[in-house]
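See below for the structure under consideration.
The values are calculated or read from the model by the stated rules, or taken from the named source; none is laboratory data. The structure presented is a predicted model; accordingly, all values stated were derived computationally and were not measured. Here the Cβ is made from the backbone with ideal geometry for all residues, glycine too, and neighbour counts use every protein chain on show. Protein only, heavy atoms only, side chains kept; ligands, DNA and RNA dropped before computing areas. Shrake-Rupley method; radii C 1.70, N 1.55, O 1.52, S 1.80 Å.
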Amino acid sequence: MNYLIGDVQGCCDALERLLALIDFSPSRDRLWLLGDLVNRGPQSLATLRRLQALGDAASCLLGNHDLHLLAMAHSVRHTHRGDTLDDILAAPDREALTDWLRRQHLALFEAGWLMVHAGVVPQWSRDDVLAAAAEVQAVLRGPDLPDFLHAMYGNEPARWAPDLAGTARLRFTINVLTRLRFCTANGTMDFKTKDGAGAAPKGFMPWFDAPGRRTADVPVAFGHWSTLGLLERPKLLGLDTGCVWGGQLTAARVDGTAREIIQVQCEQAQKPGA
């Protein structure tokens with residue numbers, strides 16, 4: 001069986017209950033986790049160890065919180081209010097865990113689904129998404145990671161252009177794949193609004209509603225947007241259902257575009273806005 005799982009964010013107990021509910025077997029089943037594996041929840045260290053131990057049975061995307069952990073591990077970023085990453089940074093296997101983390105993915109196309117943590121700009125096709133992700137993955141896995149982490153943050157460029165190059169191109173890709181919620185019809189991104197789909201700033205819309213989106217005919221699964229909640233459309237799955245905020249942790253059993261939703265209720269680890 002193939003399962004897509006939304007944002008865990010360090011809620012390992014909920015993950016264990018979800019795996020028990022689906023009767024997960026690493027010899028039989030495959031998991032794809034849609035990013036934000038860690039942070040805000042109480043068990044970030046246990047979550048990483050659990051996912052690492054699953055080996056080839058689980059593939060993970062990197063979300064913005066996972067990249068934040070890598071930046072903290074390389075002394076590029078400091079603790080933010082609400083962070084729960086100290087247990088990883090103090091762990092004896094810290095280096096092995098962060099090395100495993102940086103070798104995860106920014107995008108995947110498997111089991112018939114294009115998987116990203118956040119979103120896709122309308123100008124990109126499926127192959128564009130995978131190619132852009134591969135460029136960033138090569139840097140994250142290479143010797144220049146510390147230097148890149150210093151240049152990774154920022155909201156510009158906010159719109160795709162084919163001639164983007166160097167750090168600007170890599171930063172744009174990271175912002176699309178790990179931060180995007182709203183954009184304009186021409187793909188200009190907004191990073192201020194974190195509310196639900198109805199809160200789009202003037203001239204903006206949820207990325208998946210952008211007219212002419214080149215991935216409209218591709219099944220796309222994503223996380224990141226807890227205020228959106230579970231989103232099901234024929235070729236779209238939004239699976240961040242706010243586990244860390246006291247919502248649910250959601251899995252989708254997928255067979256082509258057919259899907260079955262399985263959820264477990266989560267204890268609130270942080271209050272919204274924290």
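Brief remarks follow.
- Prolate/oblate/rounded label for the range 112-168 (Cα gyration tensor, a/c 1.5): oblate
- Cα gyration tensor, the chain - rounded (a/c under 1.5), prolate or oblate: rounded
- Exposure check, 1.4 Å probe, all protein chains in place: LEU164 carries approximately 30 Å² of accessible surface.
- Residue among ASN64, HIS80, ALA90 farthest towards the positive dipole end of the range 37-117, charges placed on Cβ: HIS80
- The chain - charge dipole about Cα centre, Lys and Arg +1 at Cβ, Asp and Glu -1, debye rounded to 20: 540 debye
- For the peptides 191-200, 63-72, residues were scored by their other Cβ atoms within 10 Å and the scores averaged per peptide; the highest-first order is 63-72, 191-200.
- Ignoring lysines fewer than eight residues from LYS194 along the same chain, the ones with Cα atoms less than 17 angstrom from its Cα are LYS202, LYS271.
- In the context of the full set of protein chains, the chain has a per residue accessible area of 41 Å² (1.4 Å probe).
- Cα centroid of the range 134-150 to Cα centroid of the range 1-26, whole Å: 29 Å
- Measuring between their Cα centroids, the range 203-259 and the range 58-90 lie 24 Å from each other.
- Portion, in percent, of the accessible area of the chain that falls on carbon or sulfur, probe 1.4 Å: 49 percent
- The relative contact order of the chain, computed from alpha carbon pairs under 8 Å that lie at least 6 residues apart in sequence, is 22 percent.
- Residue-count net charge about LEU21 - beta-carbon cut-off 13 Å; Lys, Arg +1, Asp, Glu -1: -3
- For the range 61-68, Karplus couplings with θ = phi - 60° (6.51, -1.76, 1.60), whole Hz, Gly/Pro x: 8, 9, x, 4, 6, 5, 5, 4
- With helices as the sole contributors, the chain gives -8500 deg cm²/dmol at 222 nm; each DSSP H run of n ≥ 4 counts as -39500 (n - 2.57), and the sum is divided by every residue.
- Tensor-based shape of the range 152-246 (alpha-carbon gyration tensor, a/c under 1.5 rounded, otherwise prolate or oblate): prolate
- The relative contact order of the range 112-212, computed from alpha carbon pairs under 8 Å that lie at least 6 residues apart in sequence, is 33 percent.
- Around the amide H of THR215, modelled in the peptide plane, lies no amide H under 5 Å away from a residue 5 or more places distant or on another chain.
- Dipole of the range 151-274 [Lys/Arg +1, Asp/Glu -1 at C-beta], most positive-end residue of GLY256, GLY196, ASN186: ASN186
- For TYR3, the accessible area of its heavy atoms, probed at 1.4 Å with every protein chain present, is near 0 square angstrom.
- Only Lys, Arg (+1) and Asp, Glu (-1) charged, at Cβ; the range 54-124 dipole about Cα centre in debye: 260 debye
- Largest accessible area first, the residues ARG50, ARG102 order themselves as ARG50, ARG102 under a 1.4 Å probe with ligands, DNA and RNA left out.
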